[in-house]
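S.K.: Have a look at the structure that comes next, please.
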Amino acid sequence: MKNKWFWGVIIVVLASWVGNIIYFQTKQLSEPIIFNAYIDRPALGLTSFSLPYLTNKIEIVELESLLVDGYTYSNEQRFSPWFNEPSNQSYIQEFTHHFLKEATFTLDEQDLKRLQESIQTNKVFARFTNGQVIPVKVDKLNFTPNVTDETLFTNTGFFTSNQGIQGNFLEVAESATMNSIELPDVIQKQFDLKIKLLKNTPTNSTKIKDIFNSDWLEMDAPLYSDIEWPLLIEAGESVALVFHTKDEIENVEYISALQEWTGKTLNGKDVSYHILIENDLYLTQDQLDTAIKKARGEAK
């Protein structure tokens with residue numbers, strides 16, 4: 001009887017051990033995952049951009065370089081763990097089996113000349129420290145020559161909150177009618193935008209920040225798609241452009257863009273302003289699982 005109990009316990013332990021190994025292996029990536037990116041920024045001499053990616057937690061794997069149209073750009077964020085210890089890797093976000101990391105690349109004037117047009121998806125590859133080379137899906141990777149806005153906005157500011165809210169605060173120096181803001185589809189899928197027109201400009205930064213720290217659903221401002229365009233803004237008024245990262249996003253994308261907003265003063269002068277739109281990538285567990293399933297071809 002004792003022998004039967006002994007072998008029964010051994011079988012249970014072995015089955016549990018094998019089950020844990022199988023479960024662990026189902027969570028591992030065969031290659032890193034690089035998130036889609038939409039990057040559209042001005043060229044400013046030395047210009048930097050970032051790409052977020054996922055790796056297995058137990059492996060020391062870094063994005064070493066980016067290959068674009070035959071040219072190589074090195075990742076400035078590479079980090080070598082002390083004593084070759086996987087847990088000492090640099091990361092943005094930690095999960096049970098994975099790290100979310102970030103690679104940063106800086107382009108000089110010669111690089112920027114080669115990137116005047118948007119890069120095609122099949123021309124961008126990432127090389128990793130383990131020797132793997134995988135294609136990078138970029139919806140846009142574009143750097144245009146820097147231009148100075150002919151702007152009527154003064155006292156501008158950029159604000160963020162811990163509620164997934166970010167935005168631009170703009171005070172108007174001269175009355176103008178502003179055209180509709182045309183957001184690309186990829187940005188619309190990631191963000192909602194409300195526009196709050198303020199008849200009396202807040203007199204200090206605390207009141208301005210209160211606009212961006214408000215609860216999104218309770219914020220007394222219309223969605224930009226519900227506004228009757230063009231929008232008349234009187235001299236001395238202010239406007240807040242408030243972006244909110246959507247709560248339910250399956251296909252997360254990294255975005256860093258300056259979106260032009262154009263209009264005319266009442267005397268016919270063309271004016272414009274470039275709106276900064278960025279998302280600091282922070283994944284939920286569901287978004288992580290979806291990204292992994294998509295990479296494996298398992299997503300519906």
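The numbers here are math on the coordinates, done by the rules we state, and not lab data. None of the values given here were measured: they were computed from a predicted structure. Note that we place each Cβ from the backbone using ideal geometry, even for glycine, and neighbour counts take in every protein chain shown.
S.K.: Enter the per residue convex hull volume of segment 151-300, computed from alpha-carbon coordinates, in Å³ rounded to the nearest integer. Present the calculation step by step, with values, prior to reporting the outcome.
M.R.: Values: hull volume 17.2 nm³, N = 150.
Enclosed volume per residue, from the Cα hull, is 115 Å³.
S.K.: Across segment 211-255, what fraction of all alpha-carbon pairs, as a whole percent, falls in each successive 10 Å bin from zero upward?
M.R.: Pair shares across the bins are 18, 43, 32, 7, 0.
S.K.: Of K194/K269; K113/K140; K101/K294; K57/K101; K140/K294, which ones are farther than 22 Å apart at the Cα?
M.R.: Numbers: K194/K269 26 Å; K113/K140 16 Å; K101/K294 18 Å; K57/K101 11 Å; K140/K294 20 Å.
Pairs exceeding the cut-off: K194/K269.
S.K.: Measuring from label point to label point, each 7 Å out along Cα→Cβ, what is the K246 to K137 span in nm?
M.R.: Taking the simple label geometry, K246 and K137 are separated by 1.5 nm.
S.K.: Report the calculated FRET efficiency for D69 and E260 (r = Cβ-Cβ distance, R0 = 25 Å), to the nearest 0.05. List each step's numbers first, then the result.
M.R.: Working: r = 26 Å, r/R0 = 1.05.
My answer for the efficiency is 0.45.
S.K.: With each label point set 7 Å from Cα along the Cα-Cβ vector, what nm distance links D286 and E85?
M.R.: 3.7
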